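Take a look at the structure set out below.
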Amino acid sequence: MLPLVRRRLTALSSAHRRPYASVSSSSPVNPNSVGPFQVFDRNVKRMQKDRAAARDGGARSRTVDYVRNEIADSLVERFQDIKRKFHTVLDLGSGPGHFSKLLDAEQVEKAILLDSSEKLLNRDPDEEFDVEVERIHADEENLLQVIPPNSQEAIVSCLSLHWVNDLPGVLVQIKEALKPDGVFLGALFGGDTLFELRTSLQLAEVEREGGISPHVSPMTDSRDMSNLLSRAGFTLLTVDVDEVKVAYPSMWELMEDLQDMGENNAVVGRRHIIHRDTLAAASAIYKELHGHEDGTVPATFQVIYVIGWKPAPNQPKPLERGSAQTNLKDVL
């Protein structure tokens, strides 16, 4: 049983920190391209998620839903701002359906859940959803193998894209799967996520072992997302950043919860064992550098929210330069 003294979601920065303008690129992405580097072992990640969903009959997995539920709630608020009714919404990398459980039956008729982990995909019964549910067991990196092009009104991804190897290629597949004027909404962890854990482990390894190895996965920088969306062919882009801060009794409870979330390390070439004294040193460093006065330690989850639309002839477009009829000086 997880300690009852654990305090979760103790600080939430609700303000959107800063939007980024889209940056166009003359280098379009090939939708059939394969990333030059395999950063993550997708098979290991699938097994990690399967084990997390099966542990204690799914009870421990449900206990650590707090981060995903909080972010899904923020993402569904953005979805509800779109004043349109949808027949279906594709929930890409859905897990058990954190986002789809919040959908309103008056706005959406059916949710299609797609995830690489079959056990996590089927963890929760259909009765927990207000909309009709269809489940597809497939790899998010191969979306167009199971979803026909130009078939989806809306695609949503809530905390899944930070584990794909070819993010530009997956974004192109999402765009290709959408109907014209279809919308994509996504939430993924940004580069500052778990920076406290990352720095503590690095300092401990340097002190005890004379070097460092990756223990926290590399993640996308928020400044890159608008450029990636633009290169994938999306228009009318919105990118904003938020943070969720969670307080834990110590580093040990944080690492335990990450494992139960299925968010443990899946980097190719990772170390499978960390020496106990290195972990003990990391815990002490964590508390010394980042600890609160009450003895707890914080963990930061940086979340990048994105919205993009597939181009369509009926979408609003900016007027040509110099076509304005009113002088700004007269208005001011």
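The values are calculated or read from the model by the stated rules, or taken from the named source; none is laboratory data. All of these numbers come straight from a predicted model, not from anything done at the bench. Every residue, glycine as well, gets a Cβ built from its backbone with ideal geometry; the counts of neighbours run over all protein chains shown. Only protein heavy atoms, including side chains, enter the accessible area calculation; ligands, DNA and RNA are left aside. Shrake-Rupley method; radii C 1.70, N 1.55, O 1.52, S 1.80 Å.
Results, tabulated for the structure shown:
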read-out: Contour excess over end-to-end distance, with Cα ends at residue 252 and residue 106 and 0.36 nm allotted per residue; value: 48.2 nm
read-out: Theoretical gain in end-to-end length, residue 137 to residue 54 [0.36 nm per residue, Cα-Cα removed]; value: 28.3 nm
read-out: Label selected from [x] 176; [y] 123; [z] 164, the criterion being volume of the Cα convex hull per residue in Å³ as computed here; value: [x]
read-out: Mean-position separation - Cα centroids, segment 117-192 and segment 233-267, in angstrom; value: 18
read-out: Model label zone, residue 66; criterion: amide N under 18 Å from point 7 Å along Cα-to-beta-carbon; scope segment 186-210; value: 194-197
read-out: Extended-chain gain in nm, criterion 0.36 nm per residue less alpha-carbon gap, residue 220 and residue 122; value: 32.4 nm
read-out: Volume per residue that the Cα convex hull of segment 255-323 spans, once the total is divided by residue count, Å³; value: 272
read-out: Helix 195-209 axis, angle to the chain major axis (alpha carbon atoms, nearest 10°); value: 40
read-out: Compactness of segment 198-264 - radius of gyration and Dmax, Cα, Å; value: 17.0, 50
read-out: Candidate lysines for bridging to residue 119, where Cα separation is under 27 Å - those fewer than 8 sequence places away on the same chain excluded; value: 45, 49, 101, 110
read-out: The chain, relative contact order in percent, only Cα pairs under 8 angstrom and at least six apart counted; value: 25
read-out: For segment 42-310: accessible area per residue (Å², 1.4 Å); value: 39
